[in-house]
Amino acid sequence: ENGEIDFLLALEEEKKKYIYCRIDQVIHELTYEFPEDGEKEIYFFDLTDTLAMKIYASSMCYLTAFAVRELNPRIDIRIFFNISRSLFVKVVNPKNFKMSNKFVRRIEEKMKELVEKDIPFTRMKASKNEAQQLYKKEKLNDKVEMLKYRKEDFVHFYEAHDGDIRFVDYMTGLLVPSSGYLNKFNVRFYHPGFVVQIPRAEHGGEIPPFHDEQKFATSLASASKWAEMNRLSTVSEINRFIKEFSGMGLINVSEARVNNMLAELGENIVKSSDPIRLICVAGPSSSGKTSFANRLMYELISRGLRPIRISIDNFYIPKDQL
């Protein structure tokens, strides 16, 4: 009545449209509580915003892990960003576990059930010692190891309850307030795990069509296998490697792998039954196309060829002409 307070009323069906807010240029979860009175500039962001999409993706990782834990608490999963800009989930323990389409359907049903229950995701704060005891109890061994390299003396994690079941996990990003916000996703079996499709900002906050990029998936699987073989597949393992061999040691190991791959590629090009006249290198801006092309050029020169590198910006071929 006195003009000092403005209220923003949202329709019931629009309450879960927004993913995060920005208050006086600072990003906050929607559960943020104002520490004091005063005028604030508040902006809300939906899934057409890139950061909102990333928060949604982190929240989907949490929901997926929650669903798997309820179905089988003995299963440990790992989640990667993968083909078709989706999340790829695979079981890392037990080693002999075989994913099936039937189990994937059960996971999807459990995820939808948790969304329907609209379970709050509560952000908690604990000391490193408290977090260590909690992670040990929850058998989150990777996170126990990661605490050894954390400089801060506190840890944030998220907690959710489904009846008598309590799910706790540490997430590096922010989450939505509750499972009810996560009503947009598709789940499909994709050997040796499954894929969770999520909305994309560049698609207007909707889920894009699924594209089975088999060559890209094979490359990602190869990189994952190499990382596991060298015990470099988690943050704690990378930290341990750097502590033992230094950051330059990690760079040298990675460079050695790339050199081996370039040598194999060069040999395949030279020994191809049909002479290869054109090699195309495509990728986003600043992703290393020119650097890779130069290295491949020198590799081919060392094998007696005389390649010419040509750079073309904004090169486009219509799909019907591919």
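Numbers below:
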{"quantity": "Any hit, the range 176-187, residues being closer than 30 Å to Asp46 by Cα, touching a helix residue (DSSP H, G or I) at 6+ places or on another chain (Cβ under 7 Å), open to solvent by 40 Å² or more (accessible area, probe 1.4 Å) and not in a helix (DSSP H, G or I)", "calculated": "yes"}
{"quantity": "Matching residues, the range 297-318, being of a type in the set (Phe, Trp, Tyr) and either at pLDDT 90 or above or not in a loop (DSSP other than H, G, I, E, B) (or both)", "calculated": "Tyr298"}
{"quantity": "Search result, residues across the range 198-212 that are in a loop (DSSP other than H, G, I, E, B) and open to solvent by less than 60 Å² (accessible area, probe 1.4 Å)", "calculated": "Ile198, Pro199, Gly204, Gly205, Ile207, Pro208, Phe210"}
{"quantity": "Among the candidates Ser286, Ser219, Ser272, residue that is surrounded by 11 or more Cβ atoms within 10 Å (Cβ to Cβ) and of a type in the set (Ser, Thr, Tyr)", "calculated": "Ser219"}
{"quantity": "The listed residue being touching a His at 6+ places or on another chain (Cβ under 9 Å) and among the aliphatic types (A, V, I, L, M), out of Leu182, Leu134, Leu114, Leu174", "calculated": "Leu174"}
{"quantity": "The range 50-62 residues that are touching a residue at least 60 places away in the same chain (Cβ under 8 Å) and of a type in the set (Ser, Thr, Tyr), paired with ones that are assigned to a helix (DSSP H, G or I) and surrounded by fewer than 21 Cβ atoms within 10 Å (Cβ to Cβ) (beta carbon under 8 Å, 6 or more apart)", "calculated": "Thr50/Ala201"}
{"quantity": "Members of the range 122-175 that are acidic (Asp, Glu), closer than 24 Å to Leu71 by Cα and open to solvent by less than 60 Å² (accessible area, probe 1.4 Å)", "calculated": "Glu138, Glu159, Asp162, Asp169"}
{"quantity": "In the range 85-133, the residues that are under 27 Å from His203 (Cβ atoms) and among the aromatic types (Phe, Trp, Tyr)", "calculated": "Phe88, Phe121"}
{"quantity": "Residue within the range 231-240 that is more than 27 Å from Tyr56 (Cα to Cα), over 17 Å from the mean Cα position of the chain (by Cα) and either open to solvent by 50 Å² or more (accessible area, probe 1.4 Å) or among the charged types (D, E, K, R) (or both) present", "calculated": "yes"}
{"quantity": "Matching entry among Val258, Val195 (being within 30 Å of Leu30 (Cα to Cα) and either among the β-branched types (Val, Ile, Thr) or in a helix (DSSP H, G or I) (or both))", "calculated": "Val195"}
{"quantity": "The one condition in (1) open to solvent by 70 Å² or more (accessible area, probe 1.4 Å); (2) in contact with a strand residue (DSSP E or B) (Cβ under 6 Å, 6 or more places away or on another chain); (3) modelled with pLDDT of 90 or more that Lys117 fails to fulfil", "calculated": "(2)"}
{"quantity": "Residue count for the range 44-87, restricted to those that are within 19 Å of Met229 (Cα to Cα) and under 14 Å from the mean Cα position of the chain (by Cα)", "calculated": "4"}
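The values are calculated or read from the model by the stated rules, or taken from the named source; none is laboratory data. Just so we're clear, the structure is a prediction, and the values are computed from it rather than from any experiment. Note that we place each Cβ from the backbone using ideal geometry, even for glycine, and neighbour counts take in every protein chain shown. These area figures cover heavy atoms from the full protein model, side chains too; ligands, DNA and RNA do not enter into them. Shrake-Rupley method; radii C 1.70, N 1.55, O 1.52, S 1.80 Å.
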